[in-house]
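Student: My questions will all concern the structure given below.
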């Protein structure tokens, strides 16, 4: 499978100002399939972040994706990364799929 990033990217997700979660499960499936479209194309990667439904507010909700936050914290501790290093440790977010459903236990 052709991937631009050899290792798992360091992504974090925060919902409504809560501390970001960095633990996720890589998947190749959409949360909600549409017709025959059930899986991602091989050149894309997806990560499933699970949150408690209690963090959702009525009305507007804010979702923030942190791209390599741990890598950038190392930069602020003394060494500045050049543009090539930042690019090598970054990902391009193509889409964000969000949904509310009950997982089977």
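The values are calculated or read from the model by the stated rules, or taken from the named source; none is laboratory data. Please read all numbers here as calculations on a predicted model, not as lab measurements. So basically every Cβ, Gly included, is an ideal-geometry build from the backbone, and we count neighbours across all protein chains shown.
Student: Kindly provide the set of residues from the range 11-36 that are surrounded by 13 or more Cβ atoms within 10 Å (Cβ to Cβ) and farther than 19 Å from residue 52 by Cα, ordered by number.
Tutor: Of everything in the range 11-36, those that are surrounded by 13 or more Cβ atoms within 10 Å (Cβ to Cβ) and farther than 19 Å from residue 52 by Cα turn out to be 27, 28, 30.
Student: Cβ contacts < 9 Å: first residue touching a residue at least 60 places away in the same chain (Cβ under 8 Å) and on the phi < 0 side of the Ramachandran plot, restricted to the range 23-45; second residue surrounded by 11 or more Cβ atoms within 10 Å (Cβ to Cβ) and outside any strand (DSSP E or B), any location; separation 6+ or different chain. Result?
Tutor: 30/40; 31/98
Student: With respect to residue 51, determine if the residue is modelled with pLDDT of 85 or more, surrounded by 13 or more Cβ atoms within 10 Å (Cβ to Cβ), in a strand (DSSP E or B) and within 17 Å of the chain's Cα centre (by Cα).
Tutor: no
Student: Across the range 30-48, what is the total count of residues that are more than 14 Å from the chain's Cα centre (by Cα) and not in a loop (DSSP other than H, G, I, E, B)? Give the derivation first.
Tutor: Quick first cut of the range 30-48, residues more than 14 Å from the chain's Cα centre (by Cα) only: 32-43.
Restricting the remaining residues to those that are not in a loop (DSSP other than H, G, I, E, B) gives 32-34, 37-39.
Residues in the range 30-48 being more than 14 Å from the chain's Cα centre (by Cα) and not in a loop (DSSP other than H, G, I, E, B): 6 in total.
Student: So, one more: Hey, can you tell me all the residues within the range 56-93 that are closer than 20 Å to residue 32 by Cβ and at pLDDT 85 or above? Show your work before the answer.
Tutor: Initially, the range 56-93 is screened for residues closer than 20 Å to residue 32 by Cβ, giving 56, 61, 63, 65, 93.
Those that are closer than 20 Å to residue 32 by Cβ and at pLDDT 85 or above: 56, 61, 63, 65.
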